[in-house]
Each structure stands twice: as C-alpha cells, then as structure tokens.
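Participant: Supplied in structure tokens, the structure appears directly below.
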Amino acid sequence: MQRFVLLLAFAVLLTGAAWLDTRAQTDGAVVSGAHRFQKVADGIYYATASGTMNVGANSPIIVTADEALIVDSSITPAAGRALAQDLKAVTTKPIRYVVDSHYHYDHSFGNQVFDRDAQVIGHQNTLVRMPGSMQQFTYLNSVRPIPERVAGLKERIAKEADPQQKTALERQVASSLAYLEQVKETRITPPNITFNDSITIARGGREMQIRYLGRGHTDTDVVVFLPKERIVATGDLMESIISYMGDSYPEDWIGTLERLKALEFDTVMPGHGVVFTGKNKITVFQQYLRDVIAQVNAFRKQGLSAEDAAARVDVTKHSGEFPQIRGVGIDAAAVRRLYRLAQDPNAGPTP
Ligand SMILES: [Zn+2]
C-alpha cells in the first residue's frame, strides 16, 4: 500500500513537472503579428515585441467587461496600429483608454492612431513635454545612429557563414530601416485628457488608478495601479532592467520610488524588460541611483568630464538584481544629466 502511494506520488510529481514545463515554455503567451501577449491575470496581458518590427516599449493591457485600456501606444503609428490589430487575438473589446506612462517617443508616438476613438490620458507635464520631444536628444538618438549601425550589420552579414545568424542579422537590418521609414508618419499627439495628481477609471468591474508619484525617470511619469488585482504598470519609472536616465531627476526618483513601494501590489508590469513580483528590485534600484549620484558627484568635483566619469562609475555590485550590468562604466547620457542638474536642479529634458 505504502509503495503504491509512493509510486502514485511519483507519478503525480512527474506529470506535474511535465505540465509545468509546458507552461514555462509557452508562458500561456499568444503570439500575434508583431506582438506576444503574456497573460498576467484574468483579462490582464503584457504585450512585448515578437521580433518582426520595432514596437518600442512593452504595453500592459487591461480588459474590463466592456472595453480595453492599454498603457503606452508604441514607438510609431505603424506599431500602434499593429498593437490594435494584434490585440484582437486576446480580446475583441474596443480600446477606449490609452495611458501615456510618460512622454518618451517609444511609449507615446503611436498616440495619433488612438486619438480619435480613445481617451488618451497622461500627466499635465506630458502635454508640455511632448511637442518639443522630436527635436531632443532622447528621440534623435534613436534615429541618428541607425545608418552607421546598419552599415556595420551589413558588413557582418557579408562575412557571416551561419545561415541562421545571417537571417537574424538581415531581420535586424530590415526592422531598423523600416523604423526610419515609419517614424516619418509621426505627428506629435499629446494626451487628450490630462491630470496632475491622480485620476481613477472605474469601469466594467475594474478600478484603475492612474497616479503621478513625483519626478523620476522624467517629470511626466504616471503609474496605473489596480488595487483589487494588486498589480501596477510602472512605465520607465521602474523597469526590470536599468532605466534610461537622460531626462531624469535621480534625487527625486528615489523618493518617488518610495511612494511607489507604499502601494499595495505584488506584480509589476514595467515599460521595458519582463513582469516581476515583489518590491526588492525597487529597493535595489533605489540603491543603484544613490550609488550613481554619489560617484558621479565625486568625479564631477574632481573635475572629470562627464564622459570620463561615465567610464569610471562602478555599479557592478548591483548586477545580482540587474544582470545587464557587466562591467565598470554607465551610460554617458546619465552622467551628462547629473552634471546638468548640478547647475540647474529643475532642468528640462536634455536638448
Ligand atoms: Zn522612457
């Protein structure tokens, strides 16, 4: 009898493991066109790129009984249209709300696709920041280096012997060149509804709180918090990877993240990277910010240029939580930003 029970337990373990394995492979995700939709909870999805086009940021999707809300409209009108089309694989509910997590191009340049039929909601500062953003460093740096990068990729393709690698490189060239074409269609379309502190949408059985918690990644960042589901969409205020700092307010960011941690959630759907749980990653990112600020300030006082300082900042001790950190040195745009804020703590976006 005992032996039978043991065997049975073993059989359950085996089938259980096999089942888990399948789940891990498929992730319950649906691939549709340019997107992959990961189910995070009932009616809540996380849209990421499937690899066929440059879609920019990841978009959390919240479906209610009657309609859908998407966080971030993608990097171009073409990518925004693709998102609306691809989303039909997981819901046929109309997209009635689009939340701009902040003004950056890779999150908001698809707005014009949704402006007529949806309420495009963002912080009041997004209305102020979006119009100039196509002439600023952060956006221009997404297009200006492409020709050189494509030339480099083409050289590698010419030398590549492995056909699979070659195909992958060719796809990169194609999507980079397509992006250069797709950006031409962009008409800056700021949110059509703005707020300063918070706005709550209570529709179709969901409560969706859109909140501004203070300056951080930019001065326009908002989060979408679902108290009942204990889920928060954070844009670039908190990513599973190290956030871009070129337009940030790093000193304020630490306190803003403290206010984020005060919300009662278990799951984070970030603007880039992957869905993660818990608050430890946020605490480590706060330590990372403190560390970057302290080291950069010290180098600045020693008279180092921003570029030299950037090469020397050592944040490798945070690589456990952020494995993208592979050695000494950080993005020079982050250091230039801190140098500028030392002159003017209320500086606008990097020109
Ligand atoms: Zn951003």
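Participant: Grab the DSSP H runs of the chain that are 4 residues or longer, score each as -39,500 (n - 2.57), total them, divide by all residues and round the 222 nm result to the nearest 500 deg cm²/dmol.
Facilitator: Calculated at 222 nm, the ellipticity per residue is -12500 deg cm²/dmol.
Participant: Nearest 0.05, what FRET efficiency do residue 135 and residue 297 give at R0 = 25 Å with Cβ-Cβ as r?
Facilitator: Result of the calculation: an efficiency of 0.25.
Participant: What is the distance, in nm, between label points placed 7 Å from the Cα along the Cα-to-Cβ direction at residue 119 and at residue 168?
Facilitator: It is 4.5 nm.
Participant: Let me ask another. How many nm is it between the label spots at residue 261 and residue 65, if each spot is 7 Å from the Cα in line with the beta carbon?
Facilitator: Those two pseudo-labels are separated by 3.8 nm.
Participant: With a sphere of radius 12 Å drawn around the Cβ of residue 165, what net charge do the other residues whose Cβ falls strictly inside it have (Lys, Arg +1; Asp, Glu -1)?
Facilitator: +1
Participant: So for the pair residue 180, residue 41, with labels modelled 7 Å out along Cα→Cβ, what separation do we get in nm?
Facilitator: Rounded to a tenth, the inter-label distance reads 4.4 nm.
Participant: log10 I(q)/I(0), Debye, Cα-only the stretch 238-351, no solvent, q = 0.11, 0.13, 0.16, 0.18 Å⁻¹?
Facilitator: Computed log10 I(q)/I(0) values: -0.36, -0.50, -0.75, -0.93.
Participant: Run the numbers on the chain and let me know its relative contact order in percent, using alpha-carbon pairs under 8 Å that are six or more apart.
Facilitator: Relative contact order, the chain: 12 percent.
Participant: Excluding residues on the same chain fewer than 8 positions from residue 281, give the lysines whose Cα lies under 24 Å from its Cα.
Facilitator: 39, 228, 261, 317
Participant: Non-local amide H neighbours of residue 236 (under 5 Å, H modeled in plane, Pro and chain starts lacking H): which ones?
Facilitator: Amide H to amide H, under 5 Å and 5 or more residues apart or across chains, residue 236 pairs with 271.
Participant: For residue 316 and residue 280, compute 0.36 nm times the residue count separating them, minus their Cα-Cα distance, and round to one decimal in nm.
Facilitator: Once the chain is fully extended between residue 316 and residue 280, it gains 11.2 nm.
Participant: Compactness ratio of the stretch 141-185: Cα Rg over 2.2 N^0.38 Å, N = residue count?
Facilitator: Dividing the Cα radius of gyration by 2.2 N^0.38 Å gives 1.21.
Participant: What length, rounded to one decimal in nm, is gained on full extension from residue 31 through to residue 91, with 0.36 nm per residue of separation minus their alpha-carbon distance?
Facilitator: Answer, rounded to one decimal: 20.3 nm.
Participant: Let me ask another. If you look at just the Cα atoms of the chain, how large are its Rg and its Dmax in Å?
Facilitator: 21.8, 78
Participant: Given the Cα-Cα distance of residue 343 and residue 159 and 0.36 nm per residue of separation, how much length would full extension add, in nm?
Facilitator: Here the answer is 61.4 nm.
Every number in this text was worked out from the coordinates using simple rules, so none of it is lab data. Computed from a predicted structure; not experimentally measured. Counting neighbours? That spans all protein chains shown, and the Cβs are built from the backbone with ideal geometry, glycine included.
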